[in-house]
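Colleague: Can you read through this structure? Questions will come right after.
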Amino acid sequence: MTLAVFFGCTFIAFGPAFGLFIFTIARDPLRIIILIAGAFFWLVSLLLSSLIWFIAVKASDPQDERLQKGLLIFGVMFSVLLQEAFRFLYYKLLRKAIEGLVALSEDGCSPISIQQMAYVAGVGFGLMSGAFSMINLLADALGPGTVGIHGDSQLYFLTSAFMTMVLIFLHTFWGILFFHGCEHRRWWEIAAVVIMHLTVSGLSFCNPLYVGSLVPSYLLMAAAAAWAYLLSGGSAQNLRRFLLCKCCSRKGVGDTLGLVGYQDCCWDGERLSQWLKQEHHPLVSQTRGAGDFLRPWSGCYLSLEK
């Protein structure tokens, strides 16, 4: 039974994130480096916040329960603020890295966009956060012992796994929102990320009333996912086309998404062909110097070449 709980909780907590890694990150060495660096930044923030909390606990009266609870709340909130500060530092570092990649590139283009960096960095933050949230629980899940034998909830490991999964996804979406806010100087987006992070962390104090922490966290995850989707260029139209598995090729013009075919995409309501030369289109003024990148519009991916 303990082995089943261990593998079940592991797959719940890390299965979706592992799928994201395999299908969107693992094949690109540069993305792997960005992911590992993002995990390292989160780890450093945890180390510093743990150090501050440890010093505060040692300097206080251990018999004062009210003070200890206050220090715990302070430690959680301080850790959240420090994580977001390190997310900002990582954004600045990646911004410098893009400038270096453009300088070293033969065609003057970056091999990865800031949107892709935001996604990969968010996954790195989430994976490291999830690992530290679940590693001790998974070790205990192997036994020996029985969950809830003294009247406690038997859903402890299961709810912890679902909470870890939602935190990994939230960090991914927060990375996209945070980087977008920094890139476009929309400080209210950054503030929204910090507030959501503080809210989710504060909800953990509702435990062992797990409904009070899980349900609001998943609602916030859904809101953050929709927001990040829209900021990444998504819309209800391309989501509907994806769900209905509609083909994006124009029949009669060429092979379906082949070398001589055309892929219809939409940019601000204007339909474009994949092979449309940039220099013959007014969008060149908007994309000049941005480099090669892939970005979704109307359920397709449009490759703009300089």
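The values are calculated or read from the model by the stated rules, or taken from the named source; none is laboratory data. Because the structure is a prediction, the values reported are computed rather than measured. Ideal geometry is used to build each Cβ from the backbone, glycine not excepted, and the neighbour counts take in all protein chains shown. In case anyone asks, the SASA skips ligands and DNA or RNA and just uses the protein heavy atoms, side chains included. Shrake-Rupley method; radii C 1.70, N 1.55, O 1.52, S 1.80 Å.
Colleague: Restricting the first residue to segment 16-34 and requiring it to be assigned to a helix (DSSP H, G or I), which pairs with a second residue that is surrounded by 15 or more Cβ atoms within 10 Å (Cβ to Cβ) and of a type in the set (Gly, Ala, Ser) meet a Cβ separation below 8 Å and a spacing of at least six or different chains?
Modeller: Within 8 Å, the pairs are 17/126; 17/130; 34/121; 34/124.
Colleague: Let me ask something additional. Given the residues 118, 131, which is the only one that is surrounded by 13 or more Cβ atoms within 10 Å (Cβ to Cβ), within 13 Å of the chain's Cα centre (by Cα) and among the small types (Gly, Ala, Ser)? I'd like the intermediate steps shown before the answer.
Modeller: Details: 131 fails: within 13 Å of the chain's Cα centre (by Cα).
Answer to the check: 118.
Colleague: Let me ask something else about it. Which residues, counting only those in segment 47-70, are open to solvent by less than 40 Å² (accessible area, probe 1.4 Å) and at pLDDT 90 or above?
Modeller: Our first condition is that a residue be open to solvent by less than 40 Å² (accessible area, probe 1.4 Å); within segment 47-70, this holds for 49, 56-57, 60, 70.
Passing the criteria: only 49.
Colleague: Another question, then. With respect to the numbered conditions (1) open to solvent by less than 80 Å² (accessible area, probe 1.4 Å); (2) under 26 Å from residue 96 (Cα atoms); (3) of a type in the set (A, V, I, L, M, F, W, C), which one is the sole condition not fulfilled by residue 40?
Modeller: Result: residue 40 passes all but (1).
Colleague: Out of (1) small (Gly, Ala, Ser); (2) part of a helix (DSSP H, G or I); (3) open to solvent by 40 Å² or more (accessible area, probe 1.4 Å), the odd one out for residue 153 is which?
Modeller: (2)
Colleague: Could you tell me whether residue 92 is exposed (fewer than 14 other Cβ atoms within 10 Å of the Cβ), of a type outside the set (Asp, Glu), at pLDDT 90 or above and within 24 Å of residue 180 (Cβ to Cβ)? Explain how you work it out, then say what you get.
Modeller: Details: exposed (fewer than 14 other Cβ atoms within 10 Å of the Cβ): yes; of a type outside the set (Asp, Glu): yes; at pLDDT 90 or above: yes; within 24 Å of residue 180 (Cβ to Cβ): yes.
Considered against the rule, which asks whether it is exposed (fewer than 14 other Cβ atoms within 10 Å of the Cβ), of a type outside the set (Asp, Glu), at pLDDT 90 or above and within 24 Å of residue 180 (Cβ to Cβ), residue 92 comes out as yes.
Colleague: State whether one or more residues within segment 187-200 are open to solvent by 60 Å² or more (accessible area, probe 1.4 Å) and assigned to a loop (DSSP other than H, G, I, E, B).
Modeller: Scanning segment 187-200, I find no residue that is open to solvent by 60 Å² or more (accessible area, probe 1.4 Å) and assigned to a loop (DSSP other than H, G, I, E, B), so the answer is no.
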